[in-house]
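Undergrad: For reference, the structure I am asking about is given below.
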Amino acid sequence: EHIPVICIDGPTASGKGTLASRVADRLGYHYLDSGALYRIAALAARNAGLELTAQRESEIAAVAATLPVRFAADRVLLDGQDVTDAIRTEEAGMNASRVSALPAVRTALVELQRGFRQLPGLVADGRDMGTVIFPGAALKVYLTASAAQRADRRQRQLSAKGIATTIDVLRADLEARDARDSQRAVAPLKAAQDALLLDNSEQSIEESVDQVLRWWEERQ
Ligand code: C5P
């Protein structure tokens, strides 16, 4: 319990990943992108020929419990294969959202996630970092941004990768994902009771990073 953890939870495309990894860089801490683990679990299950439905819950959970995953520099390897780009598509996100609603899959990933808590500290982003995985975390941030802002950012990210989409489709997609993530029975997306709320709709990334670092200093 002496290894500090900062949790950053929030909805799809709120900028959690960028914020969390920059805060981790500034503090020299490790970084856990928990969403990536659900994306990888979904991909591994698909590779194993499984349909991502509740009927396959125990088989998908078995795949998730033994994920041969490695994070090497900025690459993600699944069974030695580079899946960094494959897990970033909208479809991969939707598949992650499907498997993440299955309780046995969530349970299967708990220890893997907690294993990222190593000295000198960890910044973890996701949906349930502060509520379920690291309930005793020293700082919990719940990050939000308007749906319009989030759709706009996602479109820029995709177009930077040469993927053309329309704002309306993206917005419908992320609202569907938020609804599924918020309404599921197990570990739904919600702010921890002791989380500090940060709305970054009108903030630059640097301003959000500085805000979190200020909160962190106040806790020392
Ligand atoms: O954050 P990201 O978009 O990569 O997450 C993909 C999906 O994984 C989310 O839509 C959510 O359903 C699921 N997820 C989760 N719990 C987490 C992180 C992600 O259920 N801690």
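Undergrad: Among A176, A148, Q211, flag the residue with its Cα farthest along the positive direction of the charge dipole of the stretch 137-219, charges on Cβ as +1 for Lys/Arg and -1 for Asp/Glu.
TA: Checking the options against the dipole of the stretch 137-219, the answer is A176.
Undergrad: Next question, about the same structure. With unit charges on the beta carbon (Lys/Arg positive, Asp/Glu negative), name the residue among Y38, A54, V23 whose Cα is farthest towards the positive pole of the charge dipole of the chain.
TA: Final value for the positive-end residue is A54.
Undergrad: Determine the dipole magnitude for the stretch 9-151: charges of +1 sit on the beta-carbon of Lys and Arg, -1 on that of Asp and Glu, nothing else is charged, the reference point is the Cα centre, and the result goes in debye to the nearest 20. Can you show the working numbers first?
TA: On the way: 16 positive and 15 negative charges, 75 e Å.
Computed about the Cα centre, the dipole is about 360 debye.
Undergrad: Another question, if that's okay. So what's the gap between the Cα centers of the stretch 122-159 and the stretch 60-81, to the nearest angstrom?
TA: After rounding, the separation between the Cα centres reads 22 Å.
Undergrad: In the stretch 74-165, with Lys and Arg counted as +1 and Asp and Glu as -1 at Cβ, which of these residues, Q81, G162, F134, has the Cα nearest the positive end of the dipole, that is, farthest along it?
TA: F134
Undergrad: I want to verify a result. In a Gaussian network model of the chain, Cα cutoff 10 Å, which of these has the top mean-square fluctuation: G80, G28, G93?
TA: Most flexible of the set in this elastic network: G80.
Undergrad: Can you tell me the relative contact order of the chain? Whole percent, Cα pairs under 8 Å, sequence separation 6 or more. Mind dumping the intermediate values first?
TA: On the way: 341 pairs, mean separation 72.1, N = 220.
So the answer I get is 33 percent.
Undergrad: Give, rounded to the nearest 20 debye, the magnitude of the charge dipole that the stretch 63-220 has about its Cα centre when Lys and Arg contribute +1 at Cβ and Asp and Glu contribute -1 at Cβ. Mind showing how you got there, number by number?
TA: Numbers: 21 positive and 23 negative charges, 93 e Å.
Rounded to the nearest 20 debye, it is 440 debye.
Undergrad: Going by amide H atoms built from the backbone, whose H comes under 5 Å of the H on T144, apart from near neighbours?
TA: L198, D199, N200
Undergrad: So the label point goes 7 Å from the Cα of E218 along Cα→C-beta, right? Which residues of the stretch 175-202 then have their backbone N under 17 Å from it?
TA: 192-200
Undergrad: Over the chain, with a Gaussian network built from C-alpha contacts below 10 Å, which listed residue (F116, F134, F71) shows the highest mean-square fluctuation?
TA: Looking only at F116, F134, F71, the biggest GNM fluctuation is shown by F71.
Undergrad: Top mean-square fluctuation among R22, R117, R56, Gaussian network model of the chain, C-alpha springs under 10 Å?
TA: Answer for the Gaussian network model of the chain: R56.
Undergrad: Here's something else I'd like to know. What is the sum of charges, Lys and Arg at +1 and Asp and Glu at -1, for the other residues whose Cβ falls under 12 Å from the Cβ of K161?
TA: Charge balance near K161 sits at +1.
Undergrad: Once amide H atoms are built 1.01 Å from N in the peptide plane, which residues 5 or more positions from L32, or in another chain, come under 5 Å H to H?
TA: Here V123, A124, D125 satisfy the definition.
Undergrad: Tell me, in nm to one decimal, what length is gained between T66 and H2 on full extension, where the rule is 0.36 nm per residue of separation less the Cα-Cα distance?
TA: Values: separation 64, 0.36 × 64 = 23.04 nm, distance 2.77 nm.
In short, 20.3 nm is gained.
Undergrad: If the chain were replaced by its equivalent ellipsoid, with semi-axes equal to the square roots of 5 times the Cα gyration tensor eigenvalues, what would those be, largest first, whole Å?
TA: Details: eigenvalues 128, 92, 56 Å².
Square roots of five times the eigenvalues give 25, 21, 17 Å.
Undergrad: For the stretch 37-195, what is the accessible area per residue in Å² when the probe is 1.4 Å?
TA: Working: 7740 Å² over 159 residues.
For the stretch 37-195, the solvent-accessible area averages 49 Å² per residue.
Undergrad: Share of the chain's accessible area from carbon and sulfur, percent, 1.4 Å?
TA: Numbers: 5390 of 10780 Å².
Exposed carbon and sulfur together represent 50 percent of the surface.
Undergrad: Would you calculate a helix-derived [θ] at 222 nm for the chain, using -39,500 (n - 2.57) for each DSSP H run of n ≥ 4 and dividing by the full residue count, to the nearest 500?
TA: Numbers: 9 runs with 102 residues, N = 220.
Helix contribution divided over all residues of the chain: -14000 deg cm²/dmol.
Undergrad: Which order do E51, E59 take by accessible area at a 1.4 Å probe, largest first?
TA: So the residues, ranked largest to smallest area, are E51, E59.
Undergrad: Now, a different point. List every residue whose amide H lies under 5 Å from the amide H of V76, counting only residues 5 or more places away in sequence or on a different chain, with H placed 1.01 Å from N in the peptide plane.
TA: V83, T84
The values are calculated or read from the model by the stated rules, or taken from the named source; none is laboratory data. Predicted, not measured: the structure shown is a model, and the values here were computed from it. Note that we place each Cβ from the backbone using ideal geometry, even for glycine, and neighbour counts take in every protein chain shown. Note: areas computed on protein heavy atoms with side chains; ligands, DNA, RNA excluded. Shrake-Rupley method; radii C 1.70, N 1.55, O 1.52, S 1.80 Å.
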